[in-house]
Amino acid sequence: MRNLPPLHALRVFEVAAQTDSYADAAAELGVTHGAVSRQIAVLETWLGQKLFVKDGRRMVATPAARLFAAEIGLSFDRLVVAAAACGQPGARRIVRVSAPTSFAMRWLIPRLGRFHAGHPDTEIVVTTVSTLFEELRGGVDVTIRRGPGRDRLLPQHRVFPVLDDVDTLIMSPALFARQPVLKPSDIQGHTLFATETRPGDWRDWLEAAGVHHLAGLPRQRFDHFFVTRQAIEDGLGIGIGPLPMLEMDVANGRLMTPLADIRVVRTGYVAIVGRESDEGGSVNRFVEWLVGERPTTILAQVQPSGL
């Protein structure tokens, strides 16, 4: 038996946390102010901690309560979808996907139109994280992260390789026209951009290019790659970027790879799903589509690292 908290109290609490008002929650739920207060007290007793504090004449949710309410809201959303799917076989399915920001912006979202064309009954809801190392959390159906990705490291999940990752030098065509990079040593005199979430990018590329003696060149560092990419596209400097996620930028002329034959293989991206997910359901159809979208040509010149 699951040790569930009182479900009616959870519903009342979620509305009260959203509105930050017992009175507004009572009006929305069609009950009295006292009924809301009693249900909150029941839940606080069950949890063993306060969920609301008094602020003037209002009761305001604590920071911990707000996070709790957000998780409850996601769970209620999934209950609604599950109930609709059970009662209405043709109901629209929702698959919630968590992915790193750059992966979502530069690779996943531009391709979702192809998935929707083949699966019009499924809606993909994408949330982003700013770090590749964030722990797996509830409330999502598919988690996309850059390794480690072996099933034995995540025994309660199944892991599917989605995208290999290969770094190379990138710059804007406009900057190349002003100050071309035709050989590795030409990077001297350029502003070098690096990214905290992709550690070792310049070190590894300089080693692959045979110019490790230039490792002491000054660099300007940003916290996330989408910021780095934008600075490079604006022609402010050069950097190291992942080819698969930049193929559209290269194709439409926003970026170029002046020394494309010098590449560094990095740990690839994987999709992680719970082992209990329905084998024939929307989640698995989405993951199968993701795997099918893996590029087979852009990395042909290198041997991808295994997961």
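The values are calculated or read from the model by the stated rules, or taken from the named source; none is laboratory data. Note that the coordinates shown come from a computational prediction; the quantities given were computed from them, not determined experimentally. Heads up, the Cβs are rebuilt from the backbone with ideal geometry, glycines too, and the neighbour counts pull from every protein chain shown. When the accessible area is computed, the model is the full protein with side chains, heavy atoms only, and any ligands, DNA or RNA have been set aside. Shrake-Rupley method; radii C 1.70, N 1.55, O 1.52, S 1.80 Å.
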> Ile240 is checked against (1) at pLDDT 85 or above; (2) of a type outside the set (Lys, Arg); (3) open to solvent by 40 Å² or more (accessible area, probe 1.4 Å) and fails just one. What number does that condition carry?
Replying inline: (3)
>> Can you tell me how many residues within the stretch 198-216 are open to solvent by 20 Å² or more (accessible area, probe 1.4 Å), basic (Lys, Arg) and part of a loop (DSSP other than H, G, I, E, B)?
In response: 0
>> List pairs: first residue in the stretch 233-253 and closer than 13 Å to Ile170 by Cβ, second residue of a type in the set (Gly, Ala, Ser) and assigned to a loop (DSSP other than H, G, I, E, B) anywhere in the structure, Cβ distance under 6 angstrom, at least six positions apart or on different chains.
In response: Glu233/Ser172; Gly235/Ser172
> Tell me, which residue of the stretch 2-18 that is free of Cβ contacts under 8 Å to residues at least 40 places away in the same chain and buried (at least 16 other Cβ atoms within 10 Å of the Cβ) is nearest to Gly73 (Cα to Cα)?
Replying inline: Val15
>> If Tyr22 satisfies all but one of (1) touching a His at 6+ places or on another chain (Cβ under 7 Å); (2) surrounded by fewer than 17 Cβ atoms within 10 Å (Cβ to Cβ); (3) not small (Gly, Ala, Ser), what's the number of the condition it fails?
In response: (2)
> Looking only at residues in the stretch 25-52 that are part of a loop (DSSP other than H, G, I, E, B) and of a type outside the set (Lys, Arg), which one is most open to solvent (accessible area, probe 1.4 Å)?
Replying inline: Gln49
>> Whether any residue in the stretch 174-196 is assigned to a helix (DSSP H, G or I), in contact with a helix residue (DSSP H, G or I) (Cβ under 6 Å, 6 or more places away or on another chain) and either of a type in the set (Asp, Glu) or open to solvent by 70 Å² or more (accessible area, probe 1.4 Å) (or both) is what I want to check.
In response: no
> Is there a residue being outside any loop (DSSP other than H, G, I, E, B), open to solvent by 50 Å² or more (accessible area, probe 1.4 Å) and modelled with pLDDT of 85 or more anywhere in the stretch 153-160?
Replying inline: yes
>> Can you tell me which condition Val283 does not meet? The list is (1) open to solvent by 30 Å² or more (accessible area, probe 1.4 Å); (2) modelled with pLDDT under 90, and all the others hold.
In response: (1)
> Does the stretch 53-64 contain any residue that is in a helix (DSSP H, G or I) and either more than 30 Å from Glu123 (Cβ to Cβ) or modelled with pLDDT of 90 or more (or both)?
Replying inline: yes
> Residues in the stretch 220-232 that are basic (Lys, Arg), buried (at least 16 other Cβ atoms within 10 Å of the Cβ) and free of Cβ contacts under 8 Å to residues at least 40 places away in the same chain: how many?
Replying inline: 0
